[in-house]
1. Take the residues of segment B:471-502 that are of a type in the set (Ser, Thr, Tyr) and surrounded by 15 or more Cβ atoms within 10 Å (Cβ to Cβ): which is farthest from B:ASN176 (Cα to Cα)?
2. Which of the numbered conditions does B:HIS269 fail, given that it passes all the others? Conditions: (1) in contact (Cβ under 8 Å) with a residue 40 or more places away in the chain; (2) closer than 26 Å to B:GLU464 by Cα; (3) in a helix (DSSP H, G or I).
3. State yes or no: is B:SER128 surrounded by fewer than 21 Cβ atoms within 10 Å (Cβ to Cβ), closer than 30 Å to B:PHE261 by Cβ, hydroxyl-bearing (Ser, Thr, Tyr) and more than 23 Å from the chain's Cα centre (by Cα)?
4. Check segment B:10-25 and report whether any residue there is closer than 25 Å to A:LYS225 by Cα, at the interface with another protein chain (Cβ under 7 Å from one of its Cβ atoms) and open to solvent by less than 30 Å² (accessible area, probe 1.4 Å).
5. Would you say B:ILE245 is within 14 Å of another protein chain (Cβ to nearest Cβ), open to solvent by less than 10 Å² (accessible area, probe 1.4 Å) and β-branched (Val, Ile, Thr)?
6. Of the residues A:ASN85, A:ASN116, only one is assigned to a helix (DSSP H, G or I) and surrounded by fewer than 18 Cβ atoms within 10 Å (Cβ to Cβ); which?
7. B:ARG250 - would you say it is in the same structural domain as B:GLY449 (by TED's automatic domain parsing) and either open to solvent by 10 Å² or more (accessible area, probe 1.4 Å) or among the hydroxyl-bearing types (Ser, Thr, Tyr) (or both)?
2 protein chains.
Amino acid sequence: MMDTRTAYEALIKEYKAVSTLGSIEGLLHWDLQTMMPRKGAVIRADQMAIISGLAHQKLTSDKVRDLLGTLNTAENTLSDEERANLREIDRDFTRATKLPQELVEELTRQRSKCHNVWEAAREAGDFSKFAPDLEKLVDLTKQQAECLGYEDTPLDALIDEYEPGATAASLTTMFNEAKKTTIPLLNKILGSAVKANFDFQKQTFPQPKQKAFGEEITTVIGFDKLGSRLDSAVHPFCSGGRGDIRITARYNEHAPQQAIFGIIHETGHGLYEQGVREDTLGTPLSQPLSYGLHESQSRMWENIIGRSLPFWKLSYPILTKYFGAELKGVSVEDWVLAINHVEQSFVRVEADELTYDLHIILRFEIERELFAGTISVADLPTVWNKKFEDYLGLTPPNNGKEGVMQDIHWAMGSFGYFPSYSVGNIAAAQFWAKMKEDMPKLEQQIETGDFKDILNWLIVNVHEQGRRYSRDDLMKRATGTPLDVKHYANYLTEKFTKLYRV
Amino acid sequence: MMDTRTAYEALIKEYKAVSTLGSIEGLLHWDLQTMMPRKGAVIRADQMAIISGLAHQKLTSDKVRDLLGTLNTAENTLSDEERANLREIDRDFTRATKLPQELVEELTRQRSKCHNVWEAAREAGDFSKFAPDLEKLVDLTKQQAECLGYEDTPLDALIDEYEPGATAASLTTMFNEAKKTTIPLLNKILGSAVKANFDFQKQTFPQPKQKAFGEEITTVIGFDKLGSRLDSAVHPFCSGGRGDIRITARYNEHAPQQAIFGIIHETGHGLYEQGVREDTLGTPLSQPLSYGLHESQSRMWENIIGRSLPFWKLSYPILTKYFGAELKGVSVEDWVLAINHVEQSFVRVEADELTYDLHIILRFEIERELFAGTISVADLPTVWNKKFEDYLGLTPPNNGKEGVMQDIHWAMGSFGYFPSYSVGNIAAAQFWAKMKEDMPKLEQQIETGDFKDILNWLIVNVHEQGRRYSRDDLMKRATGTPLDVKHYANYLTEKFTKLYRV
């Protein structure tokens, strides 16, 4: 029988190959969204299929199964870190082997079909065109959940993919708390006399200068230009890993704040990747614990730091170096009010920091009902609109781009994904509260462009930990307590009551 | 036993997967040269190693071996095209299985080492620093040749990789003929009173406008923008395949002709890929017959068409749309003389159309001697300089960038590759001679921007044939005779005696 050391090293070698294939798939995806000529779509589909097939094959091979078998009976001879790697590789293997091949293929086909149908139905605002295929996809996804297993409700099995350890029940509790802060705060702000001025949007802010500012400001923060790049994409994202991180942005020549915060957001994701330990690359210890934890980093840099007055005391002089004429007469306080403008709106991706979670919560609640079987696909438009009125005080004008079909997630079968966005906000605020304790001069440091303590705190407490701990263990080690929505409620209340004098 | 049809389809499926992996490797390479941030080198090396390993594994699998075994005994039931695919897949399989794994690994290591050593030695112009590692690489390459097998000389086994069917002996005959035309013609031109005027190089030609002209002119030729893109790279190349062809260029802001002809050259390669039959994609029928045949397309577009007066009667008004001020006072005839300027020079990649082959021939002759054992690595600088004086009338000032170490090929172990460049020139001229017979109004068509007959001729006779025929069969079908250097000799003589009035 193979000794433990040899087996562990063999397992890591196999897993690293899976990760390398994953990184290639990531590059194919990046290229598809940024560089690929239109007619490359056919060969690209083949390329992506072969790579994901090979990665799946490698992860679920008999070799990996045997190595896991050997190591799972001998894990007491492994170090803590090695045990964590073993546990997480086992988790990946188990999830990947739970689904029968036919179901995987049927899901892939139905997702692709649904995505195509969705595009047309969304354009036409006609939910009835989308409903039959979505219903079939929901059914298949329920089967997927059955295969994966859950304790309480099928949605738990799906949430577990994005947010290991979270459940529909625990999210419900947290989101109900969040709503108690967000909805009253929103109503107060809507009644405030403090109003942002958007006259600067009459000016033109050329894209190349927006990009140059974005590159300058992210370098100031500490994002390494030699290990990253910034391109344009219709739907911005961050991909790649340490050494080769690729972020993207979409530019609006009249509203530069859109690309600026998009870039800072993606840089937050990028900094997470940049912060992983080099010696753990390709293993679970270099991988994000959850989508929510990754999002906590992008949201922290975009919202908590990026939309703060101290940050703009530092950055506004840099911005006006590029756009002095266009921002003439706009004070840094005017600018900060504009970038923190709160309003009821229909579209999630355009929502402000405060209302964003309401968009998420209503989606999560709908998913919860849908997978519990208490509503059906046919009910979605009605339920959506009702919740929209309750939480955001608005009646969606259509079922398409400003209504129930606005997001790609359901069309792609990514149920259980939405909560991670709000988990990210909640975790970020909790980190931030602890960081302010640990670094009493935090705001002055930001104002003077000294980000190294902040970055170091995040690296040590989050980035370098990868998947070593459970989410609550990681939160406890970093902040003293498990994930707790109160920090986020405090943060929002303090920030917005001050800004809007309410 | 599996029936022939099933076996054939299974073989094609396996081979297409190998091709798809190859296309991914191509993209990784393109990205490395154009997009990748500097620190991405480490993970990129892993990505490329895993993909080429998987491709090799797939090509040399027992499954492929068994399918080839089944089909090779039943090929009479296959169509002509299917038999050609079978023959070529068998060729690839055989070549790939002939080398023992240890030799492949040792070659990879030594190539990589040699490449690093070469960079420094080339910079310092110190051949003695390069010689020991090059010697080791030559020895390993000789072992490679022994494994691959040959009839006459080890170099034949290497040439066969790039130019199937060609041998050192047949190339020697052809190149000796070529020299008989080139060297006297060069000497005549050097004595001519006709001299190009390069005053326009005092102007500045901004890169974005050069690129825009490049994109416009290649679209005029018939290169499909929806299936291609143009980027910058230090060492320009063409990669990708039909639907997603990527060409690159290097720009000199004072000598726009460098990028213009670089772009037209790479477009020639791209048009080859664009011209393959869609239903053969991923099979040998969609692959180039040889490096020389591919080069025949790039050279035809760059030199035969691209540097001709009819082409510039069409294109010069387009060029002056971009650079009217910079080219003020330069007539189309002045321009054509400048872009056909002939001179003795040290560096292959900067050589003009006429002297280029002399650079190639001397390299080939050195390779021939080296692999026959009649000279050793230590002799290279002396032999190089002697031949340079004989053929080009110049004594290289150093052994580095202007001497024996200027090219990357030997440092990477690509022995036997150089001849393909000249084979390309020779084949292009032979196609051209036939095209002029088939299309009596060829020059007028070029002058009026009507390239569809030319492109169609090349598609039907070259691009669509892929690896269906041997080189000489393809030449015979297209032009009536096997490859024959006389067409090239005629073309050069006619063109340059007219241009230089000699």
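The values are calculated or read from the model by the stated rules, or taken from the named source; none is laboratory data. No experiment lies behind these values; they were computed from the predicted model shown. In this analysis, Cβ positions are derived from the backbone assuming ideal geometry, glycine residues included, and neighbour counts consider all displayed protein chains. Just so you know, the surface numbers come from the protein's heavy atoms only, side chains and all, with ligands and any DNA or RNA stripped out. Shrake-Rupley method; radii C 1.70, N 1.55, O 1.52, S 1.80 Å.
1. Looking only at segment B:471-502, we keep the residues that are of a type in the set (Ser, Thr, Tyr), and these are B:479, B:481, B:488, B:491, B:493, B:497, B:500.
If we keep only those that are surrounded by 15 or more Cβ atoms within 10 Å (Cβ to Cβ) as well, we get B:479, B:488, B:491, B:493, B:500.
Working: B:THR479: 23, B:TYR488: 13, B:TYR491: 17, B:THR493: 16, B:TYR500: 24 Å.
That would be B:TYR500.
2. (1)
3. Details: surrounded by fewer than 21 Cβ atoms within 10 Å (Cβ to Cβ): yes; closer than 30 Å to B:PHE261 by Cβ: no; hydroxyl-bearing (Ser, Thr, Tyr): yes; more than 23 Å from the chain's Cα centre (by Cα): yes.
So B:SER128 does not fit the description; no.
4. No, segment B:10-25 has no match at all.
5. On the way: within 14 Å of another protein chain (Cβ to nearest Cβ): yes; open to solvent by less than 10 Å² (accessible area, probe 1.4 Å): yes; β-branched (Val, Ile, Thr): yes.
The answer is yes for B:ILE245.
6. Values: A:ASN85 fails: surrounded by fewer than 18 Cβ atoms within 10 Å (Cβ to Cβ).
Residue meeting the stated conditions: A:ASN116.
7. Working: in the same structural domain as B:GLY449 (by TED's automatic domain parsing): yes; either open to solvent by 10 Å² or more (accessible area, probe 1.4 Å) or among the hydroxyl-bearing types (Ser, Thr, Tyr) (or both): yes.
Judged against the criteria, B:ARG250 is a match.
For every residue, the table says whether it meets (1) charged (D, E, K, R); (2) open to solvent by 10 Å² or more (accessible area, probe 1.4 Å).
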residue: B:HIS269; (1), (2): no, yes
residue: B:ARG277; (1), (2): yes, yes
residue: B:GLY292; (1), (2): no, no
residue: B:SER296; (1), (2): no, no
residue: B:LEU327; (1), (2): no, no
residue: B:TYR356; (1), (2): no, yes
residue: B:ARG363; (1), (2): yes, no
